1. Given the criterion assigned to a loop (DSSP other than H, G, I, E, B) and under 23 Å from A153 (Cα atoms), identify the matching residue among E8, E51.
2. Identify, by number, the condition in (1) farther than 15 Å from R53 by Cα; (2) of a type in the set (V, I, T); (3) modelled with pLDDT of 95 or more; (4) in contact with a strand residue (DSSP E or B) (Cβ under 8 Å, 6 or more places away or on another chain) that V146 doesn't meet.
3. Do the conditions hold for L21, that is, is it outside any loop (DSSP other than H, G, I, E, B), of a type in the set (A, V, I, L, M, F, W, C) and either at pLDDT 90 or above or surrounded by 10 or more Cβ atoms within 10 Å (Cβ to Cβ) (or both)?
4. Exactly one of (1) buried (at least 17 other Cβ atoms within 10 Å of the Cβ); (2) in a strand (DSSP E or B) is unmet by I139. Its number?
5. Among the residues of segment 92-108, write down those that are near the ligand (Cβ under 9 Å from one of its atoms) and not small (G, A, S).
Amino acid sequence: MASPTDTEPTDQERERRRFLLLVGSGALGAVGLGLAAATLRFIEPNVLFEEDRRFAVGRPEDVPVGTVLVLVRQRVYVVREEKGFYALSAVCTHLGCITRYEAEQKGFFCPCHGSRYALKGTVTGGPAPAALVRLHLSIEREQLVVDAGRPAASQALLELPA
Ligand code: FES
């Protein structure tokens, strides 16, 4: 007498097995693809390459004391004082609008919510929580160079040799 396991599978059972094999293979394939994608993502360096934001402004001796250079495209101000230069980001520290220079007020104004900044970048009014960011300044090949991607100390001043 033959046991149930000795019997040949019916067509319906074969079809069911083929279907389960197909579903199982598909699931394994999907898992394999997911693992491969995760591995590739892990291997790839997770680095953000930023463009160089340095630019030359001109020769320091060509900028008279009391001048405020408004560099609209770069969103930067360069201020010449008696002792030297400093650079400020024109981006408002409240919500990031672009400030504008107001010569008669001797300061900067943000048109979005009315923040005001003194010529040194400190807040004098409005909702801005902090001073305008000072930017790194240097002299290279006799040119004043601003690095708009590199904040400097809040009192940073590029002094000129006497
Ligand atoms: S973004 Fe400048 S005051 Fe709000």
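The values are calculated or read from the model by the stated rules, or taken from the named source; none is laboratory data. Everything numeric here is computed off the predicted structure, so don't read it as measured data. Because the Cβ atoms are built from the backbone with ideal geometry, glycine has one as well, and the counts that use them run over all protein chains shown.
1. Working: E8 fails: under 23 Å from A153 (Cα atoms).
The unique qualifying residue is E51.
2. (1)
3. Numbers: outside any loop (DSSP other than H, G, I, E, B): yes; of a type in the set (A, V, I, L, M, F, W, C): yes; either at pLDDT 90 or above or surrounded by 10 or more Cβ atoms within 10 Å (Cβ to Cβ) (or both): yes.
Criteria met by L21.
4. Condition not satisfied by I139: (1).
5. Restricting attention to segment 92-108, the residues satisfying the condition of being near the ligand (Cβ under 9 Å from one of its atoms) are 92-99.
Within segment 92-108, C92, T93, H94, L95, C97, I98, T99 qualify.
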